[in-house]
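Beneath this line is the structure, given in structure tokens, with notes to follow.
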Amino acid sequence: MRRNKKRKIRKTIIFVTALLFILFGAFLIIDKFNKDELPLSEVHEEEPTNNEQEEETSVEPEKEPEEKPEEPVQPEEPGQEQPAEETDYSIIIENPEKIDVLVNKTRALPENYVPEDLVTLSEVPTVLSNPEVNQLRNDACEALTEMFNAAKNEGYELHARSGYRSYYTQAALYSSYVESYGRQAADKYSAKPGQSEHQTGLSMDITCEALNYKLDTTFDQTEEGKWVLENAHHFGYIIRYPKGKEEITGYSYEPWHIRYLGIELAEEVYDSGLTLDEYFQ
Ligand code: DAL
Ligand code: ZN
């Protein structure tokens, strides 16, 4: 009888010890899982990158979050599934330095591509303090200066807001859009890194006082915007993302985004009425 009792006690001790081991093991697994699955926002707060900090202070998105887009961006409803990041099938451009380079959602610039002849805009009014975005390639800069001077002679004052952007600046900008609006909306307004013309140093976002120097689709209703629509091609620039061509370019209408092609090609593209994507098809 006594022996039976002892055996029972031993069994109970073994059972309780095993139970404690199992509970401790389960606790360790849950704890590790929680650490691995930190929400994105917490990761960002803990380790902000230089690019993100810089963007907050000086590189502003082309459509800033506080601006109201013409066609309001529909943020995803809570619980609505975010489309998974699509696999990127874009090809890498072999001669990114060509003036007529075509950059779009299927043709990306190499990550390490930085134009060799970037210069700082010195003769036209600029908006942002970040020196990176106040650069263009030399020929594009000269043409922009000529265009701004010609506009000024007719009484219109244009301002340069965002020109060259490195692959990494574009990556930070694109991420900020995804965070604010969701991936689907972000893809209409912002290029993924490598797919932005801004990395070519041949594109500039322009604005004017009437828009408080911001970027807005109503630029085409300002005196300056109308002048640009009618005259940019004479200086080698085209409106790269025209109205009504969203399905072709893959981006919303951007009357502020001009792209340098040289006068001959810009005039040909303008006269054709085609987007650059269609022109090169
Ligand atoms: N907003 C244009 C498409 C860009 O991000 O380059
Ligand atoms: Zn732009």
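Throughout, read-outs are computed from the coordinates displayed, never taken from laboratory work. Every value quoted in this text rests on a predicted model; they were computed, and no experiment measured them. Don't worry about glycine lacking a Cβ; one is built from the backbone with ideal geometry, like all the others, and counts go over all protein chains shown.
Pick out the one residue from Gly273, Gly262, Gly244 that is on the phi > 0 side of the Ramachandran plot and in contact (Cβ under 8 Å) with a residue 60 or more places away in the chain. Walk me through how you get there before you give the answer.
Values: Gly273 fails: in contact (Cβ under 8 Å) with a residue 60 or more places away in the chain; Gly244 fails: in contact (Cβ under 8 Å) with a residue 60 or more places away in the chain.
Just a single option satisfies the conditions, and that option is Gly262.
Among the residues of region 167-176 satisfying the criterion of being more than 9 Å from ligand 1 (Cβ to nearest atom) and farther than 14 Å from Ala108 by Cβ, which is surrounded by the most Cβ atoms within 10 Å (Cβ to Cβ)?
Thr169
Per this entry, Glu123 is not counted among residues that are assigned to a helix (DSSP H, G or I) and of a type outside the set (Val, Ile, Thr).
Scanning region 207-225 for residues that are hydroxyl-bearing (Ser, Thr, Tyr) and within 16 Å of ligand 1 (Cβ to nearest atom) yields Thr207, Thr217.
The single condition from (1) in contact with a strand residue (DSSP E or B) (Cβ under 7 Å, 6 or more places away or on another chain); (2) within 12 Å of ligand 1 (Cβ to nearest atom) that Leu158 fails is (2).
Inside region 255-281, can you point out the residues that are surrounded by fewer than 21 Cβ atoms within 10 Å (Cβ to Cβ) and of a type in the set (D, E, K, R)? The answer is Glu264, Glu267, Glu268, Asp271, Asp277, Glu278.
Buried (at least 18 other Cβ atoms within 10 Å of the Cβ) and within 11 Å of ligand 1 (Cβ to nearest atom): does that describe Gly194?
Working: buried (at least 18 other Cβ atoms within 10 Å of the Cβ): yes; within 11 Å of ligand 1 (Cβ to nearest atom): yes.
Criteria met by Gly194.
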